[in-house]
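Asks: Here it is: the structure, laid out below.
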Amino acid sequence: MKKNTSAQYIPNAIEDKWYKFWSDNKMFKSEPNEKEPFTIVIPPPNVTGVLHMGHIMNNTIQDILTRRARMQGKNALWVPGTDHASIATEAKVVNKLKSEGIDKNEIGREKFLEHAWEWTHKHGGIILDQLKKLGASCDWDRTKFTLDDDMYESVIKTFVDLHNKGLIYRGVRMVNWDPSALTAVSDEEVEYKDEQSKLYYVRYKIKDSEEYITIATTRPETILGDTAVCVHPEDERFKNLHGKTVIIPLINREVPIIIDDYIDIEFGTGALKVTPAHDENDYMLGQKHNLKIVDIFNDNGTIAEAGELYIGKDRFEVRKLIIKDLENSGQLVKIEDLTNRVGYSQRTQVPIEPKLSMQWFLKMEELVKPAIENVENDNIKFTPERFKNTYRHWMTNIRDWNISRQLWWGQQIPAYYLPNSNDFVVAENPEKALELAKEKLSNPNLKLSDLRQDEDVLDTWFSSWLWPMSVFDGIRNPENPEIKYYYPTNVVATGHDIIFFWIARMIISGYEFRNELPFKNVYFTGMVRDEKGRKMSKQLGNSPDPLDLIEKYGADGVRVGMMLCSPAGGDLLYNDNLPEQGRNFCNKVWNAYRLVESWKVDEKIPQPEHSKVALNWFENKINETVSKLDKQIDNFRISEGLMSVYRLFKDEFSSWLLEIVKPEYQKPIDKTTLTQVTNSLDKLLRLLHPFMPFITEELWQKLEARAENESIMLAKMPSDTNFDTNLSEKFENIKQIISEIRNIKKQKNLPARTEIELFYKTSDKIYDNTFESVIVKLGGVSKFEKTENKIEGATQFIVKKTEYFVPLGDLVDTEEEIAKLKKELKYTEGFLKGVAGKLSNKRFVDNAPEAVVNKEKIKMADAEAKISALKTQIKELERK
């Protein structure tokens with residue numbers, strides 16, 4: 001054991017040192033071998049992103065699982081990488097160019113992509129370097145990016161394959177249009193927010209009549225695109241208007257009144273303005289009734305020429321203007337307040353505009369079937385299980401996936417249009433496209449320059465859904481050794497907010513392209529929120545910088561603090577007390593080592609009995625915790641797992657074992673005890689390592705001389721799960737006895753070192769005195785004997801069926817003693833009532849394991865014996 005450890009634990013002094021040591025020695029590296037694989041692929045963060053609190057929690061979980069598997073002798077691989085994030089990255093590059101006076105459309109696609117790559121090379125990968133500060137044990141040599149050449153090819157190959165199967169099609173559909181990003185976004189990329197809106201009542205004149213029909217709308221600007229008014233066929237109020245024509249206010253467009261039972265008679269006025277170009281339901285009505293489509297919006301949300309009025313003005317500005325004009329024309333009837341759900345683009349946070357657009361879609365109806373079945377039957381296990389309901393609801397109501405985006409940053413859709421035509425061929429590269437085009441047109445003279453590739457790129461998630469396969473080149477080379485060894489992966493850990501974006505789609509692609517699951521388990525983390533329950537964001541200013549936290553509390557402190565309060569699927573309410581608690585625990589571990597390090601050894605002295613029995617108990621306690629920890633981690637109760645080891649170290653090792661075995665002040669310790677304590681500390685550090693890698697490596701290296709490239713992260717995880725429950729329970733009784741003695745001394749204002757006499761009276765035939773020496777040492781007991789009679793002038797307490805007496809002479813206050821015993825009697829009677837209730841429950845007795853029922857029966861017998869003894873003691877004291 002190395003001496004002279006610094007008095008304070010200074011994380012910054014060791015974290016960089018050990019991360020460099022692990023990296024230099026390639027300890028995170030994995031290649032296929034004869035061992036059992038354990039594989040995790042990182043949920044790829046945005047390439048230009050930076051670390052936030054959600055990343056801290058999610059990646060700590062992944063690192064814990066990876067490090068633990070590695071120490072269990074598995075060939076553990078954690079694959080890192082980043083996502084090209086088409087919308088977010090393109091928006092950043094566009095803004096950068098705009099600040100330099102450069103317009104994206106003026107420089108063209110190729111030049112823009114040069115700028116995008118330059119931006120990516122400059123800002124990309126920062127988040128991965130930040131993860132290293134956290135201690136992430138990824139195989140960095142395998143770092144992937146969704147626009148790497150091989151990854152790009154995998155996506156294109158997938159598109160071609162699905163198109164050839166008839167699952168990808170092109171068509172005009174109503175899409176969610178983002179006027180800021182200038183692209184369509186999928187249904188899952190729309191966030192709905194409840195807003196205080198207005199409901200505007202507007203009257204439309206009936207042609208050749210003095211009558212009006214009043215409609216209600218939350219979007220009066222879309223009046224410019226109205227091509228009908230619809231009423232319910234059974235609505236008596238409007239039967240006289242069937243087949244008539246109305247005149248759209250301000251623009252005087254004549255449109256028909258149509259009848260359809262789609263209309264909700266109770267909503268608004270019962271009459272609906274129909275705008276087929278800008279509302280999905282209106283579009284369906286328009287198709288059904290063969291209505292004209294008037295698209296009034298430009299892609300950026302301004303009014304197009306088809307709108308006739310307010311051309312070039314923003315949609316929200318027009319909303320204000322048109323209300324004034326309707327009011328001036330006498331056609332605005334009234335305005336009411338309304339709580340309305342408004343869809344926002346998740347990426348740009350601007351309101352979505354429903355828009356008809358030519359897009360590419362993937363048919364989902366058949367693709368989802370195996371993905372639904374294999375989550376329902378638990379072939380793929382969700383933790384927490386409740387997310388199966390969320391998954392099932394979305395998958396059984398799924399719509400075709402809009403996979404095209406009107407952007408340049410991403411995988412360009414491999415569709416090539418024939419000369420002067422909207423007809424196309426789909427191929428993996430231009431050369432193959434040319435061959436197909438020649439064949440399709442029977443024109444051998446066709447040149448590549450005659451073809452025009454589709455301008456759109458694929459949805460970013462169309463690359464991410466292949467991630468567990470494509471990182472191992474499983475799409476291009478489906479039989480290669482790596483995909484066959486590492487796939488399917490063991491677990492994916494991610495936030496439940498991307499269950500649809502990513503988890504569901506990875507499962508779909510796994511069954512479509514390899515006919516098997518992509519991972520065996522999904523661990524859903526919660527969201528990191530502030531103390532008020534708000535989502536953390538830059539706008540609210542409630543999200544601390546994780547690197548600042550690591551600088552202040554150390555990476556291990558941050559990891560432990562976050563994980564102690566991170567139940568699976570449950571939100572974490574963050575405050576700085578969490579990493580502070582983590583740092584305090586690091587200090588506890590550090591100081592425990594320093595205490596052991598400070599002991600001087602005398603090889604001649606024998607091992608005391610109290611040390612021998614305590615070390616035997618603690619070895620048993622370690623095995624008990626290992627058994628519990630294995631179950632907790634296997635069931636992804638990671639926070640509970642950490643708490644088990646945390647308690648083992650803090651409560652059992654530091655507070656009990658070290659107190660028992662430590663030598664008297666300035667006296668030596670025997671060699672046997674020190675060796676055993678050191679071995680126990682070694683096991684504890686190995687159990688703690690996945691949770692707090694840096695401090696455990698530092699102290700493990702100090703415990704004894706290590707080989708040059710030896711590391712705790714490659715040491716064997718303790719695996720002995722054989723333990724004696726009775727031994728654990730016996731020591732819990734000893735703790736209670738010692739605590740009672742300490743309380744008595746405290747109540748009587750006696751110094752802790754005051755020696756006392758202790759007598760016991762038991763109804764047990766045999767009194768187990770295994771830990772008598774421990775009671776003597778920690779209780780400061782000068783005399784410990786059995787008695788058949790009550791001890792006069794003694795304060796007393798009961799543990800299980802044994803009564804204990806501490807003679808204190810005149811220090812005993814009878815009234816105080818009676819009050820204390822009555823309080824304990826009341827508690828024990830309540831406890832007995834609870835146990836009796838459980839044992840009187842036939843369902844519990846019939847269904848619980850026999851060992852559990854027997855344990856409750858023992859509790860009941862002990863409580864009854866204690867109640868009897870307490871009543872006797874109270875009665876005798878009251879006689880005085």
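Asks: If you take the Cα Rg of region 477-552 and divide it by 2.2 N^0.38 Å, with N the number of residues, what do you get? Spell out each step's value before the answer.
Replies: Details: Rg = 17.8 Å, N = 76, 2.2 N^0.38 = 11.4 Å.
So the Cα radius of gyration is 1.56 times the expected 2.2 N^0.38 Å.
Asks: Sticking with this one: Per-residue counts of other Cβ atoms within 10 Å, averaged by peptide: what ranking do you get for 261-270, 131-140, highest first? Each step should come with its number before you reach the end.
Replies: Details: 261-270: 14.3, 131-140: 21.5.
Descending packing order for the listed peptides: 131-140, 261-270.
Asks: By how many nm would the segment from LYS20 to LYS520 lengthen if fully extended, with 0.36 nm per residue of separation less the alpha-carbon distance?
Replies: On the way: separation 500, 0.36 × 500 = 180.00 nm, distance 3.24 nm.
So the extension gain works out to 176.8 nm.
Asks: Suppose a student asked you for the relative contact order of the chain, using Cα pairs under 8 Å spaced at least 6 residues apart; what percent would you report? Write out the running numbers ahead of the final one.
Replies: Working: 1476 pairs, mean separation 110.0, N = 880.
About 13 percent, as a whole number.
Asks: Write out the GluC sites (Glu not before Pro) in region 140-212 meeting two conditions: DSSP loop, and at most 16 other Cβ atoms within 10 Å of their Cβ. Can you show the working numbers first?
Replies: Numbers: sites: GLU153, GLU188, GLU189, GLU191, GLU195, GLU210, GLU211; in loops: GLU210, GLU211.
Qualifying residues, ordered by number: GLU210, GLU211.
Asks: Between GLN747 and THR678, what length comes free when the chain is fully extended (0.36 nm per residue of separation minus the Cα-Cα distance, one decimal in nm)? Don't skip to the answer; put the middle values down first.
Replies: Working: separation 69, 0.36 × 69 = 24.84 nm, distance 3.64 nm.
Result for the pair: 21.2 nm of gain on full extension.
Asks: How would region 539-579 be classified by its alpha-carbon gyration tensor: rounded, prolate or oblate, with rounded meaning a/c under 1.5 and the a/b versus b/c comparison settling the rest? Could the numbers behind the result be given before it?
Replies: Numbers: a/c = 2.34, a/b = 1.11, b/c = 2.12.
Oblate is the answer for region 539-579, as a/c is 1.5 or above yet b/c matches or exceeds a/b.
Asks: Rank-order 826-835, 675-684 by packing density, defined as the average count of other C-beta atoms within 10 Å over each peptide's residues, highest first. Intermediate values should be presented prior to the final figure.
Replies: Details: 826-835: 14.1, 675-684: 19.6.
Listed from highest to lowest mean packing, they are 675-684, 826-835.
Asks: Can you tell me the relative contact order of region 725-847? Whole percent, Cα pairs under 8 Å, sequence separation 6 or more. Intermediate results must be reported in sequence, preceding the final value.
Replies: Details: 118 pairs, mean separation 27.9, N = 123.
Rounded, it is 23 percent for region 725-847.
Asks: Here's a follow-up. Report, to the nearest 10°, how far helix 577-598 tilts away from the longest principal axis of the Cα atoms in the chain, using its own Cα long axis and a range of 0 to 90°.
Replies: 40
Asks: Put +1 on the Cβ of each Lys and Arg and -1 on the Cβ of each Asp and Glu in the chain; which of LEU436, ALA69, MET692 then has its Cα farthest toward the positive end of the dipole?
Replies: Among LEU436, ALA69, MET692, the one farthest towards the positive end of the dipole of the chain is MET692.
Asks: Relative contact order of region 166-257: what whole-number percent is it, with Cα pairs under 8 angstrom and at least 6 residues apart?
Replies: Numbers: 101 pairs, mean separation 19.3, N = 92.
About 21 percent, as a whole number.
Asks: Which one, THR396, GLY270, GLN581, is farthest towards the positive end of the dipole of the chain when Lys and Arg carry +1 and Asp and Glu -1 on their Cβ?
Replies: GLN581
Asks: Would you work out if region 482-632 is rounded, prolate or oblate? Take a ≥ b ≥ c from the square roots of the eigenvalues of the alpha-carbon gyration tensor; rounded if a/c is under 1.5, else prolate when a/b is larger than b/c, oblate otherwise. Write down the numbers at each step before the final one.
Replies: On the way: a/c = 3.06, a/b = 1.54, b/c = 1.98.
Oblate shape, in that a/c is at least 1.5 and b/c is the bigger or equal ratio.
Asks: Considering the options ILE40, MET27, SER86, tell which one lies farthest towards the positive end of the dipole of the chain, charges being +1 on Lys and Arg and -1 on Asp and Glu at the Cβ, about the Cα centre.
Replies: After comparing all options, I get MET27.
Asks: Rounded to the nearest 500 deg cm²/dmol, what is the calculated helix-only ellipticity per residue at 222 nm for the chain, with -39500 (n - 2.57) per DSSP H run of length n ≥ 4? Don't skip to the answer; put the middle values down first.
Replies: Numbers: 28 runs with 371 residues, N = 880.
Dividing the helical sum by the residues of the chain leaves -13500 deg cm²/dmol.
Asks: Explain nothing, just the number: dipole magnitude of the chain about its Cα centre with +1 on each Lys and Arg Cβ and -1 on each Asp and Glu Cβ, in debye rounded to the nearest 20. Numbers along the way, then the final one.
Replies: Working: 124 positive and 137 negative charges, 595 e Å.
The calculated dipole for the chain is roughly 2860 debye.
Asks: Determine the shape class of region 305-432: with a ≥ b ≥ c the square roots of the Cα gyration tensor eigenvalues, call it rounded for a/c under 1.5, and otherwise prolate if a/b is greater than b/c, oblate otherwise. Provide the component values of the computation, followed by the final result.
Replies: Values: a/c = 3.18, a/b = 1.36, b/c = 2.34.
Oblate, since a/c reaches 1.5 and b/c is not below a/b.
Asks: Label-point separation (nm) for ASN290 and LYS783, each offset 7 Å from Cα along Cα-to-Cβ?
Replies: 11.3
Asks: What FRET efficiency would be calculated for the residue pair ASN397, ASP651, taking the C-beta separation as r and a Förster radius of 45 Å, to the nearest 0.05? The partial results should precede the final answer.
Replies: Values: r = 49 Å, r/R0 = 1.10.
The formula returns an efficiency of 0.35 here.
Asks: Using a 1.4 angstrom probe and counting only protein chains, how large is the accessible area of TYR767 in Å², to 10?
Replies: About 40 Å², ignoring ligands and nucleic acids.
Asks: ALA7 to HIS123: FRET efficiency via 1/(1 + (r/R0)^6), r the Cβ-Cβ distance, R0 45 Å, to the nearest 0.05?
Replies: Details: r = 41 Å, r/R0 = 0.92.
So the FRET efficiency works out to roughly 0.65.
Asks: Further, regarding this structure: Non-local amide H neighbours of ARG534 (under 5 Å, H modeled in plane, Pro and chain starts lacking H): which ones?
Replies: Placed amide hydrogens put nothing under 5 Å from ARG534.
Asks: What's the ranking of 460-468, 415-423 by average number of surrounding C-beta atoms within 10 Å, highest first? Working shown, then result.
Replies: On the way: 460-468: 25.7, 415-423: 14.3.
Top to bottom by mean Cβ count within 10 Å: 460-468, 415-423.
Asks: Of all the accessible heavy-atom surface of region 378-525, with the other protein chains kept in place and a 1.4 Å probe, what percent is carbon and sulfur?
Replies: Details: 2650 of 5730 Å².
Accessible surface attributable to carbon and sulfur in region 378-525 totals 46 percent.
Asks: Apply the Karplus parameterisation 6.51 cos²θ - 1.76 cosθ + 1.60, with θ equal to phi minus 60°, to every residue of region 415-431 and state each ³J(HN,Hα) to the nearest whole Hz, in sequence, with x for glycine and proline.
Replies: 10, 10, 7, 6, x, 6, 7, 8, 6, 8, 10, 10, 8, 6, 7, x, 5
Asks: Scan (1) 92, 69, 53; (2) 113, 68, 53; (3) 95, 71, 59 for the value of Cα extents along the principal axes in Å calculated from this model and give just the label.
Replies: So the calculated entry is the one marked (2).
Asks: A further question on this structure: Amide H of GLU211 versus every other amide H placed in the peptide plane: which residues, excluding those fewer than 5 positions away on the same chain, fall under 5 Å?
Replies: Long-range HN contacts for GLU211: ILE206.
Asks: If you roll a 1.4 angstrom probe over the protein chains with everything in place, what fraction of the accessible area of region 575-694 belongs to carbon and sulfur, to the nearest %? List each step's numbers first, then the result.
Replies: Working: 2190 of 4950 Å².
Exposed carbon and sulfur together represent 44 percent of the surface.
The values are calculated or read from the model by the stated rules, or taken from the named source; none is laboratory data. Small disclaimer: the values here were computed from a predicted structure and weren't measured. Note that we place each Cβ from the backbone using ideal geometry, even for glycine, and neighbour counts take in every protein chain shown. The accessibility values were calculated without ligands, DNA or RNA, using every heavy atom of the protein model including side chains. Shrake-Rupley method; radii C 1.70, N 1.55, O 1.52, S 1.80 Å.
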